[in-house]
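Novice: I'd like to ask you about the structure that follows.
The values are calculated or read from the model by the stated rules, or taken from the named source; none is laboratory data. Just so it is clear, the model here is predicted, and its values are computed rather than measured. Cβ atoms come from the backbone with ideal geometry, glycine included; neighbour counts cover every protein chain shown. Quick note on the areas: whole protein, heavy atoms, side chains included, nothing else; ligands and nucleic acids left out. Shrake-Rupley method; radii C 1.70, N 1.55, O 1.52, S 1.80 Å.
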Amino acid sequence: GCTQKYIVKNYFYYYLFKFSAALGEEIFYITFLPFTYWNIDHSVSRRMIIVWSVVMYIGQVSKDILKWPRPLSPPVVKLEMRTVAEYGMPSTHAMAATAISFSFLMATANQYKYPFELGLVAAFVFSMLVCLSRLYTGMHTVLDVIGGALISAVLLMFLYPAWDVIDHLLLTSPFCPLLSIVVPLVLCYNYPKLDFYSPTRGDTTTILGAGAGATVGFWLNHQYAAPAYTSENFQLGFPLITSKIVVVALARFFVGIFVVLLTRQLMKSVVLGMLGYRYKFPRGDREARRRLEVEVPYKFITYSSVGFSATVVVPLLHELLGLM
């Protein structure tokens with residue numbers, strides 16, 4: 001794990017693909033998915049989060065079952081070090097980009113008036129940039145990227161016909177909150193065992209935790225609160241967007257992101273402190289955080305709190321501040 005030295009000869013490609021790679025990471029998920037929920041449409045956000053959770057779980061588990069290595073370095077120069085311990089096939093960046101961009105297109109195409117061809121091009125460009133970034137940064141082979149994109153496409157084909165049924169059950173079933181917590185926890189605790197530590201189990205727990213918290217929030221909102229944001233509030237595309245809508249959307253976003261990041265930081269500190277007390281390790285002990293009995297509850301509780309905060313606490317705060 002030592003960083004390689006390299007010379008950048010084309011800064012345009014360098015920054016373009018470094019930025020594109022970030023579109024498949026936590027910072028993008030934690031901003032774009034809540035923004036969709038706060039400012040566009042609840043149903044669109046619900047479908048994207050469910051698809052994202054399913055696709056990413058299958059992708060992460062597939063990596064650790066197949067155990068295909070990443071490209072050899074040298075000759076490849078790796079521009080990222082955090083994920084170097086993970087296996088390569090399939091590329092979960094490619095899977096996430098394909099799933100999010102095309103599920104967004106599919107969920108909005110029948111609800112909003114905009115040129116479908118333009119949406120299709122945007123989805124293709126977004127996913128292609130992320131896929132190419134994995135090649136440029138030396139983290140995946142062409143086969144890893146193609147495999148990831150194809151797996152996402154197949155999963156979308158199977159999930160799309162069942163979207164309405166799944167969505168209805170998530171909102172109305174009395175068992176939804178319990179199953180939303182128990183099923184992801186069981187999956188995380190029974191994650192495939194590895195010969196050496198990699199961040200895949202922790203990342204998977206993060207994703208499933210965020211999805212679980214958001215799903216519980218969806219259910220509570222449907223049961224006890226009127227929908228806060230609907231397609232009547234904001235129209236995608238080409239009715240003219242007024243300055244007032246832009247200001248309100250930005251205000252919702254910055255207030256929401258502040259609350260989400262504050263929740264994440266507070267819960268990390270509280271949960272890690274409690275686990276440290278329970279298992280007798282100092283807060284800065286990174287090796288202890290990698291243990292199953294620490295990593296899973298630490299990640300799951302923290303990010304389920306983030307998902308719940310984004311879907312329940314933030315909308316209530318928006319209403320209190322008059323941002324509805």
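Novice: Among the candidates TYR197, TYR191, which residue alone is open to solvent by less than 60 Å² (accessible area, probe 1.4 Å) and either outside any loop (DSSP other than H, G, I, E, B) or touching a Lys or Arg at 6+ places or on another chain (Cβ under 9 Å) (or both)?
Specialist: Details: TYR197 fails: open to solvent by less than 60 Å² (accessible area, probe 1.4 Å).
Selected residue: TYR191, the only one of TYR197, TYR191 that is open to solvent by less than 60 Å² (accessible area, probe 1.4 Å) and either outside any loop (DSSP other than H, G, I, E, B) or touching a Lys or Arg at 6+ places or on another chain (Cβ under 9 Å) (or both).
Novice: Taking the conditions exactly as written (without any contact (Cβ under 8 Å) to a residue 24 or more places away in the chain, outside the structural domain of GLY202 (by the TED database) and more than 14 Å from PHE253 (Cβ to Cβ)), does LYS18 satisfy them or not? Break it down stepwise before answering.
Specialist: Numbers: without any contact (Cβ under 8 Å) to a residue 24 or more places away in the chain: no; outside the structural domain of GLY202 (by the TED database): yes; more than 14 Å from PHE253 (Cβ to Cβ): yes.
Spelling it out, it is not the case that LYS18 is without any contact (Cβ under 8 Å) to a residue 24 or more places away in the chain, outside the structural domain of GLY202 (by the TED database) and more than 14 Å from PHE253 (Cβ to Cβ).
One line per residue, one yes/no per condition, for (1) more than 18 Å from LEU208 (Cβ to Cβ); (2) within 16 Å of the chain's Cα centre (by Cα); (3) outside the structural domain of VAL186 (by the TED database):
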| residue | (1), (2), (3) |
| --- | --- |
| PHE35 | yes, yes, yes |
| SER53 | no, yes, yes |
| GLY59 | no, yes, yes |
| PRO69 | yes, no, yes |
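Novice: Still on this structure, I have one more. Answer yes or no: is there a residue in the stretch 249-256 that is modelled with pLDDT under 85 and open to solvent by less than 80 Å² (accessible area, probe 1.4 Å).
Specialist: So the first thing to find is which residues in the stretch 249-256 are modelled with pLDDT under 85, and the list is 249.
Checking the rest, the ones that are also open to solvent by less than 80 Å² (accessible area, probe 1.4 Å) come to 249.
Checking the stretch 249-256: at least one residue is modelled with pLDDT under 85 and open to solvent by less than 80 Å² (accessible area, probe 1.4 Å).
Novice: Follow-up question, since we're still on this one. Name every residue in the stretch 135-175 that is touching a Ser or Thr at 6+ places or on another chain (Cβ under 7 Å), aliphatic (A, V, I, L, M) and under 30 Å from PHE218 (Cα atoms), in order of residue number.
Specialist: Passing the criteria: ALA149, ALA153, LEU156, LEU170.
Novice: Let me ask another. Would it be correct to say that LEU171 is over 20 Å from the mean Cα position of the chain (by Cα) and either of a type in the set (A, V, I, L, M) or in a loop (DSSP other than H, G, I, E, B) (or both)?
Specialist: Values: over 20 Å from the mean Cα position of the chain (by Cα): yes; either of a type in the set (A, V, I, L, M) or in a loop (DSSP other than H, G, I, E, B) (or both): yes.
Against the criterion (over 20 Å from the mean Cα position of the chain (by Cα) and either of a type in the set (A, V, I, L, M) or in a loop (DSSP other than H, G, I, E, B) (or both)), LEU171 qualifies.
Novice: Taking the criterion of being farther than 29 Å from PHE258 by Cβ, polar (S, T, N, Q) and open to solvent by 20 Å² or more (accessible area, probe 1.4 Å), would at least one residue in the stretch 70-87 satisfy it? Full working, then the answer.
Specialist: Of all residues in the stretch 70-87, those farther than 29 Å from PHE258 by Cβ come to 70-79, 81, 84-87.
Narrowing further to those that are polar (S, T, N, Q): 73.
Next cut, open to solvent by 20 Å² or more (accessible area, probe 1.4 Å) only: 73.
Yes, some residue in the stretch 70-87 is farther than 29 Å from PHE258 by Cβ, polar (S, T, N, Q) and open to solvent by 20 Å² or more (accessible area, probe 1.4 Å).
Novice: Just give me the residues in the stretch 5-48 being more than 27 Å from PHE308 (Cα to Cα), touching a Phe, Trp or Tyr at 6+ places or on another chain (Cβ under 7 Å) and open to solvent by less than 60 Å² (accessible area, probe 1.4 Å), in sequence order.
Specialist: VAL8, PHE17, listed by residue number.
Novice: Shifting gears a bit: I'm checking my understanding of the structure. Among residues of the stretch 148-188 that are crowded, with 17+ Cβ neighbours inside 10 Å and of a type in the set (Gly, Ala, Ser), which one is farthest from LEU66 (Cα to Cα)?
Specialist: Here the answer is SER180.
Novice: Of the numbered conditions (1) under 20 Å from ILE207 (Cβ atoms); (2) in contact (Cβ under 8 Å) with a residue 40 or more places away in the chain; (3) open to solvent by less than 60 Å² (accessible area, probe 1.4 Å), MET267 satisfies every one except a single condition; which is it?
Specialist: (2)
Novice: Being among the acidic types (Asp, Glu) and open to solvent by less than 80 Å² (accessible area, probe 1.4 Å) is the filter here, so list the residues in the stretch 111-147 that pass it.
Specialist: From the stretch 111-147, those among the acidic types (Asp, Glu) are 117, 144; that's our starting set.
Within the stretch 111-147, just ASP144 meets the criteria.
Novice: With respect to TYR229, determine if the residue is modelled with pLDDT under 90 and closer than 23 Å to ILE30 by Cα.
Specialist: Details: modelled with pLDDT under 90: yes; closer than 23 Å to ILE30 by Cα: yes.
Here the answer is yes, as TYR229 does meet what is asked.
Every residue, every condition in (1) more than 30 Å from LEU72 (Cα to Cα); (2) not assigned by the TED database to the domain that holds LEU220, yes or no:
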| residue | (1), (2) |
| --- | --- |
| LEU143 | no, yes |
| VAL154 | no, yes |
| LEU185 | yes, no |
| PHE196 | no, no |
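Novice: Report, by residue number, each residue of the stretch 189-217 that is more than 20 Å from MET267 (Cβ to Cβ) and in contact (Cβ under 8 Å) with a residue 60 or more places away in the chain. Working first, answer last.
Specialist: Taking the stretch 189-217 and keeping what is more than 20 Å from MET267 (Cβ to Cβ), we get 190-198, 200.
Hits for the stretch 189-217 are TYR191, PRO192, LEU194, PHE196, TYR197, SER198, THR200.
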